[in-house]
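Written out below as structure tokens is the structure these notes cover.
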Amino acid sequence: AQTVTQSQPEMSVQEAETVTLSCTYDTSENNYYLFWYKQPPSRQMILVIRQEAYKQQNATENRFSVNFQKAAKSFSLKISDSQLGDTAMYFCAFLRDDKIIFGKGTRLHILP
Amino acid sequence: NAGVMQNPRHLVRRRGQEARLRCSPMKGHSHVYWYRQLPEEGLKFMVYLQKENIIDESGMPKERFSAEFPKEGPSILRIQQVVRGDSAAYFCASSPSTGLGNTIYFGEGSWLTVV
């Protein structure tokens, strides 16, 4: 079975600080995709960043970057220079073939 | 290029009634997925469909729930004889195909409240 674990139910950081959200996953597959989705209070699911498992280089999107450790099956999200608008639920997700499996999420609060 | 469109955004039903949720995928996307999000929980996979075919319904409850994606028109998630436990956000997502490299895009969700 493929599972995604987010060990931090909730986090708070001061505006402009850097924060790292953890995610581990379990799979026997070698080729897959990983994602981080953001769900703000509006409840819309917004794709933040994605990583192809066959790429060793960590994905980066502006202030968002990942630390992908394939052997450890770890996929953490780093948010630099955090902003108030980053306040949201963040879901780590695993894609293989036809299905995305989500973690339970981390609620992130950015404090002014 | 419009995104994944879901309607209604909010739906209230009394226990025992039927709920129908609609999803129009992004233009050019032929694959549709339905997910359910209970309060304070993550998204749980329900069903994956291609045009006129159900590919994977392993996450669908065995009774009262059904989904379709006809050749013409939106995908529909149908819940018969709703109960309070069906109250949740239902998200639709679409992708152009299942090939690795295709990102799945989500709609804004439909919130079902059963009273």
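The values are calculated or read from the model by the stated rules, or taken from the named source; none is laboratory data. Quick caveat: nothing in here was measured; it's all calculated off a predicted structure. Here the Cβ is made from the backbone with ideal geometry for all residues, glycine too, and neighbour counts use every protein chain on show.
Every residue, every condition in (1) on the phi < 0 side of the Ramachandran plot; (2) within 12 Å of chain A (Cβ to nearest Cβ), yes or no:
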position: B:23; (1), (2): yes, no
position: B:32; (1), (2): yes, yes
position: B:52; (1), (2): no, no
position: B:71; (1), (2): yes, no
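Just for strands (runs of 3 or more DSSP E) wholly inside segment A:13-80: which have at least 1 residues that are within 22 Å of residue B:94 (Cβ to Cβ)? Lay out the reasoning, then the answer.
Working: elements: A:19-21, A:24-26, A:33-39, A:46-52, A:64-69, A:74-79.
It comes to A:33-39, A:46-52.
Assess whether residue A:21 counts as being touching a Leu at 6+ places or on another chain (Cβ under 6 Å), away from chain B (no Cβ under 11 Å) and either surrounded by fewer than 16 Cβ atoms within 10 Å (Cβ to Cβ) or under 25 Å from residue B:37 (Cα atoms) (or both).
When the stated conditions are applied, residue A:21 passes them.
Taking the condition of being modelled with pLDDT under 80, out of contact with any His (no Cβ under 9 Å at 6 or more places or on another chain) and either under 13 Å from residue B:21 (Cβ atoms) or within 7 Å of chain A (Cβ to nearest Cβ) (or both), how many residues in segment B:91-109 meet it?
Looking only at that region, the number is 2.
Would you pick out the residues in segment B:15-37 that are surrounded by 20 or more Cβ atoms within 10 Å (Cβ to Cβ) and either of a type in the set (Asp, Glu) or in contact with a Ser or Thr (Cβ under 6 Å, 6 or more places away or on another chain) (or both)?
B:21, B:23, B:25, B:31, B:32
From the list A:64, A:94, A:75, which one is touching a Leu at 6+ places or on another chain (Cβ under 7 Å) and over 27 Å from residue A:14 (Cβ atoms)?
Testing whether each residue is touching a Leu at 6+ places or on another chain (Cβ under 7 Å) and over 27 Å from residue A:14 (Cβ atoms) leaves just A:94.
I'm checking my understanding of the structure. Among residues of segment A:24-47 that are of a type in the set (Val, Ile, Thr) and away from chain B (no Cβ under 13 Å), which one is nearest to the chain's Cα centre (by Cα)? Walk me through how you get there before you give the answer.
First pass over segment A:24-47, keeping only residues of a type in the set (Val, Ile, Thr): A:24, A:27, A:46.
With away from chain B (no Cβ under 13 Å) added as a condition, the list becomes A:24, A:27.
Details: A:24: 10, A:27: 17 Å.
Among those that are of a type in the set (Val, Ile, Thr) and away from chain B (no Cβ under 13 Å), it is A:24.
Here are A:96, A:50: which of them is touching a residue at least 40 places away in the same chain (Cβ under 8 Å), surrounded by fewer than 19 Cβ atoms within 10 Å (Cβ to Cβ) and within 12 Å of chain B (Cβ to nearest Cβ)? Before you say what the answer is, go through the steps one by one.
Working: A:50 fails: touching a residue at least 40 places away in the same chain (Cβ under 8 Å).
Step by step, each of A:96, A:50 is checked, and only A:96 is touching a residue at least 40 places away in the same chain (Cβ under 8 Å), surrounded by fewer than 19 Cβ atoms within 10 Å (Cβ to Cβ) and within 12 Å of chain B (Cβ to nearest Cβ).
Give the residues of segment A:100-112 that are part of a strand (DSSP E or B) and either surrounded by fewer than 20 Cβ atoms within 10 Å (Cβ to Cβ) or more than 9 Å from chain B (Cβ to nearest Cβ) (or both), sorted by residue number.
A:106, A:107, A:108, A:109, A:110, A:111
Got a number for residues in segment A:60-93 being within 14 Å of another protein chain (Cβ to nearest Cβ) and more than 25 Å from residue B:40 (Cβ to Cβ)? First the steps, then the outcome.
Residues of segment A:60-93 within 14 Å of another protein chain (Cβ to nearest Cβ): A:61, A:88-93.
Within this subset, residues satisfying the condition of being more than 25 Å from residue B:40 (Cβ to Cβ) are A:61.
Qualifying residue count for the region: 1.
Mind checking which residues of segment A:28-41 are in contact with a strand residue (DSSP E or B) (Cβ under 9 Å, 6 or more places away or on another chain) and surrounded by fewer than 16 Cβ atoms within 10 Å (Cβ to Cβ)? Break it down stepwise before answering.
The first filter runs over segment A:28-41 and keeps only residues in contact with a strand residue (DSSP E or B) (Cβ under 9 Å, 6 or more places away or on another chain), leaving A:29, A:31-41.
A:29, A:31, A:40, A:41 - these are the residues of segment A:28-41 that are in contact with a strand residue (DSSP E or B) (Cβ under 9 Å, 6 or more places away or on another chain) and surrounded by fewer than 16 Cβ atoms within 10 Å (Cβ to Cβ).
Condition check: crowded, with 17+ Cβ neighbours inside 10 Å, closer than 23 Å to residue A:93 by Cα and within 14 Å of another protein chain (Cβ to nearest Cβ). Does residue B:40 satisfy that? Can you show your working first?
Values: crowded, with 17+ Cβ neighbours inside 10 Å: no; closer than 23 Å to residue A:93 by Cα: yes; within 14 Å of another protein chain (Cβ to nearest Cβ): yes.
Here the answer is no, as residue B:40 does not meet what is asked.
Just name the residue that is nearest to residue A:18 (Cα to Cα) out of those in segment A:78-110 that are of a type outside the set (A, V, I, L, M, F, W, C) and under 12 Å from the mean Cα position of the chain (by Cα).
Going through the qualifying residues, I end up with A:78.
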